[in-house]
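Written out below as structure tokens is the structure these notes cover.
The values are calculated or read from the model by the stated rules, or taken from the named source; none is laboratory data. Note that the structure is predicted; figures quoted are calculated from it, not measured. Positions of Cβ are backbone-derived with ideal geometry, glycine not excepted, and every protein chain shown enters the neighbour counts. With ligands, DNA and RNA removed, areas are computed over all heavy atoms of the protein, side chains included. Shrake-Rupley method; radii C 1.70, N 1.55, O 1.52, S 1.80 Å.
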Amino acid sequence: MPTWNDAPAQALPRGFVWGVSTSSYQIEGAVQADGRGPSVWDSYSRVPGHIANGDTGDVACDHYHRYAEDIALMRGLGVGAYRFSVAWPRVLPAGTGVANEAGLVFYDRLIDGLLAAGIDPWLCLYHWDLPQALQDRGGWLNRDIAGWFADYAGLIARRFGDRVRRFATFNEPSVFTLFGYGFAWHPPGTTEPADLWKAIHHVNLAHGAGVDALRQAAPAASVGAIHNVQPARPVQQTAADEAAATLLDEYWNKAFPEAQILGHYPPALSRAIEPFIQSGDMARICRQPDWFGVNHYSPIYARADPAARLGFAWADSPPDVPRSPIGWQLDPAAFRDTLIDVHRRYRLPIYVLENGAGAVEKPDASGEVNDRERIDYLATYTGALRAAVAAGADVRGYFVWSLLDNFEWGAGYANRFGLVYVDYPTQRRIPKASARWYAEMIRAEKARATR
Ligand code: IFM
């Protein structure tokens, strides 16, 4: 059987961007440094039982103090771009009001260091670390949050818009809403469906207001949002499981991009969210983005469960599918089809802003991390991306999740996604075999592009 690797390498569009991604709470640490306020993840991770091993993001990769070393690692990879997120509570400790100059200075230095290294900074405003002060005022259940978010977006665009061209409003809004308000796996850790519907709508309102604020303060900005898109499948081929999968698909894949780009909610959600929609809201939400960010790892599964308050239950993938070392299904064809589908549905330039493989790993006796399975994953998935481009999908960039091993939310530090291994006790960084593989691929791509 041929693998994606064996296919002739499909030429990628000129200027194709190779990058890496991270997020603030997962790598920065320094949660009490220089006036940063607490975030919901600081509070949530401190509750016993929430995170494996009782881990928190208190220190994480100490990127706040080691960002220069991390930029040097990226330079070694040869990436053209780095997607990171700003920690809202680092720059606005109370969520609104007075900005924290020291927090802004940290991002000044990071951005300036990236530019000096020839790496284009891609700035995401929100990768889940809501200021706790705003959670205390209702968080995503308070409609005022659209205005709070717009003020934050304006601050960031005014400060960094002279050096940053790419801005994203949200990373994976469906994950933090569904897991936070539907399944209680993330903060605030509740399971009231009406709260989930309200939160979805308020995040969408914040997106629309945020896009306006970014464009007003930084007219040259190229603005998008980052959505996790993966097929939502029934765990069994029964009518009930198929209905469950259709519902999961609405929450996971459609609730945000359809509202933001097409101006409507998908059918079941539309009925549920109706009570929270005020006159003019859909027009406020629907702002034509400049690009579509896709995060993709593997297909997801649903099953019918009459007791489930959302009308479906999250399910494990069937037992007979190929899996990664942390149990995620391996299905590069699903990635190819997702890219083609996103292209047809939204007709926007696509950037894959997260794709990668998790593992439980450590250095071998010689101190190397020989992550053969991650290399196979990246090779097959970039092969699938090339196949999508060959089929006409307008894909313009690919970013590996992640530059570094980091705080993997509920799994704590147990699951590692980095191209670079982090020895947490010493904070030593060890580029894995996959880092060398990625650097070599980028080098070969650059050589091909100049031929
Ligand atoms: O680590 C996460 C990231 O924060 C969001 N997307 C999926 C990654 C791997 O689980």
*Give the long-range amide H neighbours of residue 122: residues separated by 5 or more places, or on another chain, with amide H under 5 Å away, using H modelled in the peptide plane at 1.01 Å from N.*
82, 83, 84
*Among 277, 226, 248 - extreme Cα towards positive end, dipole of the range 178-296, charges at beta-carbon*: 226
_Under 24 Å from residue 432, Cα to Cα: lysines that are on another chain or at least 8 residues apart_ = 362, 446
*Hz values of 3J(HN,Hα) by residue in the range 286-302 - Karplus curve (6.51, -1.76, 1.60), Gly and Pro given as x*: 7, 10, 5, x, 8, 7, 10, x, 10, 10, 8, 10, 6, x, 10, 10, 10
*What do the square roots of 5 times the Cα gyration tensor eigenvalues come to for the range 109-219, in whole Å, largest first, as semi-axes of the equivalent ellipsoid?*
28, 15, 11
*Once the Cα gyration tensor of the range 70-153 is diagonalised, what are the square roots of 5 times its eigenvalues, in whole Å and ordered largest first, as equivalent ellipsoid semi-axes?*
29, 13, 9
*Fraction of beta bridges assigned by DSSP in the chain that are antiparallel (%, nearest 5)*: 20 percent
*Tabulate in residue order the Karplus-calculated ³J(HN,Hα) for the range 168-180, using 6.51 cos²θ - 1.76 cosθ + 1.60 with θ = phi - 60°, rounded to whole Hz; enter x for Gly and Pro.*
10, 6, 10, 9, 6, x, 5, 6, 6, 7, 5, 6, x
*Under-5 Å amide H pairs with residue 352, H placed in peptide plane, nonlocal only*: 294, 396, 397, 398, 399
*Protein accessible area in the chain, 1.4 Å probe - carbon and sulfur %*: 53 percent
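Hey, if we sort 104, 12 by accessible area with the 1.4 Å probe, largest down, what's the order?
Listed by decreasing accessible area, they come as 12, 104.
In terms of solvent-accessible area of protein heavy atoms at a 1.4 angstrom probe, what is the ranking of 124, 286, highest value first? Intermediate values should be presented prior to the final figure.
Numbers: 124 0, 286 45 Å².
Largest accessible area first, the residues go 286, 124.
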*asked:* I need the per residue convex hull volume for the range 16-123, using only the alpha carbons, in cubic angstrom as a whole number.
replied: 108 Å³
*Note down the accessible area of residue 450, probe 1.4 Å, to the nearest 10 Å².*
120 Å²
_347, 36, ranked by accessible area, largest first (probe 1.4 Å)_ = 347, 36
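Please tell me the relative contact order of the range 329-421 in percent, rounded to the nearest whole number, where contacts are Cα pairs under 8 Å and at least six residues apart. Could the numbers behind the result be given before it?
Working: 120 pairs, mean separation 35.2, N = 93.
Once normalised by length, the contact order is 38 percent.
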*Rounded to whole Hz and in sequence order, give me ³J(HN,Hα) for the range 252-266 from the Karplus expression 6.51 cos²θ - 1.76 cosθ + 1.60, θ = phi - 60°, writing x for Gly and Pro.*
7, 9, 10, 4, 9, x, 5, 5, 6, 10, 9, x, 8, 8, x
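Given N residues in the chain, what is Rg(Cα) / (2.2 N^0.38 Å)? List each step's numbers first, then the result.
Details: Rg = 20.7 Å, N = 451, 2.2 N^0.38 = 22.4 Å.
The reported ratio for this selection is 0.92.
Taking every pair of distinct Cα atoms and averaging 1/r, then inverting, what Kirkwood hydrodynamic radius in Å comes out for the range 41-189? Please report the intermediate quantities before stating the final value.
Working: mean 1/r = 0.0605 Å⁻¹.
Final number for the Kirkwood radius of the range 41-189 is 16.5 Å.
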_Can you give me the accessible area per residue for the chain, using a 1.4 Å probe, in Å²?_
38 Å²
*Considering amide H positions built from the backbone, and no H for Pro or chain starts, which residues 5 or more places from residue 315, or on another chain, come under 5 Å of its amide H?*
301, 302, 303
